[in-house]
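**Q** Okay, handing you the structure first.
The values are calculated or read from the model by the stated rules, or taken from the named source; none is laboratory data. What you are looking at is a predicted structure, and each value in this text was computed from that prediction instead of being measured. Cβ coordinates were reconstructed from backbone atoms using ideal geometry, including for glycine residues, and neighbour counts include every protein chain displayed.
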Amino acid sequence: MVSDITETTIPIKIIEAWALGIPVITTRHKVFDSLKIRDGEDIIFSEPIPESIAQKIFYTLEDEEIRKKLSSNGPSLAKKFYYSILAQRLLDIYNKEEL
């Protein structure tokens, strides 16, 4: 059950980091692919092993351009997941089906 949630929902901590302009490093999940979240543009993907995670952290710390890119792209990504926007989209879908 936990893996189903991980594969279909972006964790709130990632959305919060994006909103704050904090670069995000995480393992790859289907939800990122389905939402076209780009490695090196929106997020940094790592293998789920300590060495890979450490390498990606070091890479992000050392590369000022990647930090700037991730920081500037994050807030616009977070806006896509505002609860009010998601709720409005659901209402719009519901209202279209009733017509």
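**Q** Exactly one condition in (1) surrounded by 12 or more Cβ atoms within 10 Å (Cβ to Cβ); (2) modelled with pLDDT of 90 or more is not met by Glu64; state its number.
**A** Only one criterion in (1) surrounded by 12 or more Cβ atoms within 10 Å (Cβ to Cβ); (2) modelled with pLDDT of 90 or more is unmet by Glu64, namely (1).
**Q** Across the range 11-29, what is the number of residues that are among the charged types (D, E, K, R) and exposed (fewer than 12 other Cβ atoms within 10 Å of the Cβ)? Reasoning before the result, please.
**A** The initial filter retains those residues of the range 11-29 that are among the charged types (D, E, K, R), namely 13, 16, 28.
Checking the rest, the ones that are also exposed (fewer than 12 other Cβ atoms within 10 Å of the Cβ) come to 13.
Of the residues in the range 11-29, 1 are among the charged types (D, E, K, R) and exposed (fewer than 12 other Cβ atoms within 10 Å of the Cβ).
**Q** Yes or no: Thr26 touching a Ser or Thr at 6+ places or on another chain (Cβ under 8 Å) and polar (S, T, N, Q)? Lay out the reasoning, then the answer.
**A** Working: touching a Ser or Thr at 6+ places or on another chain (Cβ under 8 Å): yes; polar (S, T, N, Q): yes.
Yes.
**Q** Let me ask something additional. Here is a check on your reading of the model: is Leu77 aliphatic (A, V, I, L, M) and touching a residue at least 12 places away in the same chain (Cβ under 8 Å)? Steps first, please.
**A** Details: aliphatic (A, V, I, L, M): yes; touching a residue at least 12 places away in the same chain (Cβ under 8 Å): yes.
So Leu77 fits the description; yes.
**Q** Follow-up. Does the range 44-60 hold any residues that are touching a helix residue (DSSP H, G or I) at 6+ places or on another chain (Cβ under 8 Å) and either farther than 23 Å from Thr9 by Cα or loosely packed, with under 12 Cβ neighbours inside 10 Å (or both), and which are they?
**A** Tyr59, Thr60
**Q** When you scan the range 11-99 for helices (runs of 4 or more DSSP H) that lie fully inside it, which ones turn up with 3 or more residues that are of a type in the set (Lys, Arg)? Steps first, please.
**A** On the way: elements: 12-20, 30-34, 50-62, 64-79, 83-98.
Once the helices (runs of 4 or more DSSP H) in the range 11-99 are filtered for at least 3 residues that are of a type in the set (Lys, Arg), what remains is 64-79.
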